[in-house]
1. Would region 129-148 turn up any residue that is surrounded by fewer than 16 Cβ atoms within 10 Å (Cβ to Cβ) and in contact with a Pro (Cβ under 7 Å, 6 or more places away or on another chain)?
2. Mind checking which residues of region 137-166 are assigned to a loop (DSSP other than H, G, I, E, B) and at pLDDT 95 or above?
3. What residue, among those in region 325-357 that are β-branched (Val, Ile, Thr) and within 21 Å of Ser224 (Cα to Cα), is farthest from the chain's Cα centre (by Cα)?
4. Does Arg240 fit the bill of being exposed (fewer than 15 other Cβ atoms within 10 Å of the Cβ) and touching a residue at least 60 places away in the same chain (Cβ under 8 Å)?
5. I'm trying to understand the selection: among the residues of region 325-348, which are surrounded by fewer than 18 Cβ atoms within 10 Å (Cβ to Cβ) and more than 19 Å from Glu277 (Cα to Cα)?
6. Could you tell me which residue of region 85-115 is farthest from the chain's Cα centre (by Cα), considering only residues that are surrounded by fewer than 16 Cβ atoms within 10 Å (Cβ to Cβ) and free of Cβ contacts under 8 Å to residues at least 24 places away in the same chain?
7. Looking at region 151-187 only, could you name the residues that are under 16 Å from His200 (Cα atoms) and more than 16 Å from the chain's Cα centre (by Cα)?
8. Could you tell me whether any residue of region 208-216 is surrounded by fewer than 20 Cβ atoms within 10 Å (Cβ to Cβ), outside the structural domain of Asn259 (by TED's automatic domain parsing) and farther than 19 Å from Glu268 by Cα?
Amino acid sequence: MNSEFIEALDQIAKEKGIDKEILLEAIETSLVSACKKNYGSSQSIRVTMDRQTGDVGVFLQKQVVEVVKNDHAEITLEAAKEIKPYYELGDMVDIEVTPKDFGRIAAQTAKQVVVQRIREAEREIIYQQYISKEKDIVNGIIQRKERKNVMIRLGKTEGILAPNEQVPGEEYEFNERMKVYVLEVKQTPKGPQVFVSRTHPELVKRLFEQEVPEVQNGIVEIKSIAREAGSRTKMAVFSRDQDVDPVGACVGQNGARVNVIVNELRDEKIDIIHWDEDPKKFIAASLSPSKVVEVALNSEDKSAKVIVPDYQLSLAIGKEGQNARLAAKLTGWRIDIKSETQAKALDFITDEDRERE
């Protein structure tokens with residue numbers, strides 16, 4: 001060990017952003033373990049490394065006592081004073097026992113410790129970088145498939161796109177770029193694991209925050225999102241500024257803003273509607289593109305009866321019930337839809353229903 005090693009350690013610490021003193025203390029601790037293999041684990045050993053020259057010293061530590069009962073841990077006062085005259089009873093005496101070839105052992109140990117600490121530091125840096133991006137979106141590059149997982153390169157680490165977070169029917173081609181939502185970041189013995197999603201509703205919200213300045217600065221608020229990934233999303237928006245149309249802001253001129261997001265989501269349909277504090281108006285809007293004739297509410301069980309024109313019943317319900325299902329998720333109300341003809345035949349909305357409101 002020499003001054004060149006200390007200089008190299010300085011450089012490594014600077015490049016990797018690690019405190020040099022932490023590295024030196026870790027090296028000393030590892031050298032103590034190495035020494036105890038030679039001197040026995042019962043021995044009290046101290047290893048020091050000169051911070052300027054890199055010279056290493058190994059010392060057995062013994063306590064000054066009147067009568068020695070343990071040769072490994074104790075020394076008489078007379079023997080201690082032969083080493084240094086100022087020792088007193090109770091003091092700890094350092095007796096140098098540095099082996100002749102200890103420089104080689106120290107160098108090997110130091111290398112192993114430094115490599116390990118650098119690896120740990122880099123893992124911690126990556127963990128801190130991505131834990132701050134949890135619940136946000138990041139850019140990634142598709143690398144490969146492992147079993148049913150898709151591995152996505154995210155800078156210096158990889159994201160895991162599990163099967164239940166993959167969009168049905170979506171293809172993941174090697175080297176393809178895509179945005180993903182960071183679900184969770186875990187610290188593991190093998191380093192940080194980043195779990196990402198392409199199906200989470202918040203992915204849509206974060207994309208609008210990136211693309212629409214009014215959403216990013218808080219003028220337009222996304223109140224709720226209901227999504228069936230790969231097929232359709234409904235999003236309710238509200239403007240804090242009466243001069244700003246929230247739907248228009250999200251759609252953009254000639255659909256420019258929303259089309260960017262639709263392309264990122266591989267042509268997933270997006271319905272953007274006005275949020276309204278009046279549940280009747282909000283429920284009616286949520287069934288867009290269908291028109292609504294009447295809405296009756298039952299606040300006790302948070303259910304709504306909705307009447308639509310006969311020719312728009314299938315549109316209101318949607319293919320396989322999707323439009324009605326997303327509207328219910330978006331509003332938080334259970335929605336029962338009937339056509340005008342059905343409603344008359346069943347006396348669907350009664351005077352009691354209207355009075356209940």
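1. Taking every residue of region 129-148 in turn, at least one turns out to be surrounded by fewer than 16 Cβ atoms within 10 Å (Cβ to Cβ) and in contact with a Pro (Cβ under 7 Å, 6 or more places away or on another chain).
2. Answer for region 137-166, where residues must be assigned to a loop (DSSP other than H, G, I, E, B) and at pLDDT 95 or above: Ala162, Gln166.
3. Per the criteria, the residue is Ile335.
4. No.
5. Passing the criteria: Arg325, Asp336, Glu340, Thr341, Gln342, Lys344, Ala345, Leu346, Asp347.
6. Pro85
7. Pro163, Asn164, Gln166, Val167, Pro168, Gly169, Glu170, Met178
8. So far as region 208-216 goes, no, none of its residues is surrounded by fewer than 20 Cβ atoms within 10 Å (Cβ to Cβ), outside the structural domain of Asn259 (by TED's automatic domain parsing) and farther than 19 Å from Glu268 by Cα.
The values are calculated or read from the model by the stated rules, or taken from the named source; none is laboratory data. In this text the structure is predicted, and so the values were computed from the model without any measurement. Glycine gets a Cβ as well: all are built from the backbone with ideal geometry, and neighbour counts include every protein chain shown.
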